[in-house]
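What follows draws every value from the coordinates through simple rules; no lab data is involved. On a predicted model such as this, the values are computed, not experimentally measured, just so you know. Please note: Cβ atoms are built from the backbone with ideal geometry, for glycine as well, and neighbour counts cover all protein chains shown.
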């Protein structure tokens, strides 16, 4: 949604402006994204009766996996690549439009959805360039 809706992309492209991937890239975002994420992720959990502790635990795990995915590491996670998002895969989500396919590897924590919906992209090389136009 953040990539396909022009108004939301205007906010989300701040996150994609990074030209060197590191774990701090996970914290580069426009404040409006917090409003969107909090509403989409945590409001339904609250309305469905999830406990604050469970919601907090989910947030901690998600943030940790997000830092890992944005880390400047080229770790191969083997068969886990089909389940968790890894730096080797997520870096392709941030590839510059002139250097690779766009709209790939959307998973924040889990890559499972990208493999299921055929948006996964994981070549045997690093992208030449990151960022936006």
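Taking 106, 50, 83 as the candidate residues, the one with maximal mean-square fluctuation in a Gaussian network model of the chain, Cα springs under 10 Å, is 50. For the chain, modelled as a GNM whose springs connect Cα atoms under 10 angstrom apart, the maximal fluctuation among 47, 112, 65 occurs at 47.
Placing a pseudo-label 7 Å from each Cα along the Cα-to-Cβ vector at residue 124 and residue 75 gives an inter-label distance of 2.3 nm.
Compared with the dominant Cα axis of the chain, that is its longest principal axis, helix 6-16 is turned about 70°. Distance between the 7 Å Cα→Cβ label points at residue 42 and residue 17: 2.5 nm.
Computed from the C-beta positions of residue 62 and residue 10, the FRET efficiency with R₀ = 22 Å rounds to 0.40.
In this calculation the C-beta distance from residue 83 to residue 32 is compared with R0 = 25 Å, giving a FRET efficiency of 0.25. GNM remark for the chain: springs join alpha carbons under 10 Å apart, and the peak mean-square fluctuation among 19, 95, 35 falls on 35. Reducing the range 9-40 and the range 93-133 to their Cα centroids gives an inter-centroid distance of 16 Å.
Helix 52-70 versus the longest principal axis of the chain: what is the Cα-based angle in degrees, 0 to 90, to the nearest 10? It is inclined by approximately 10 degrees.
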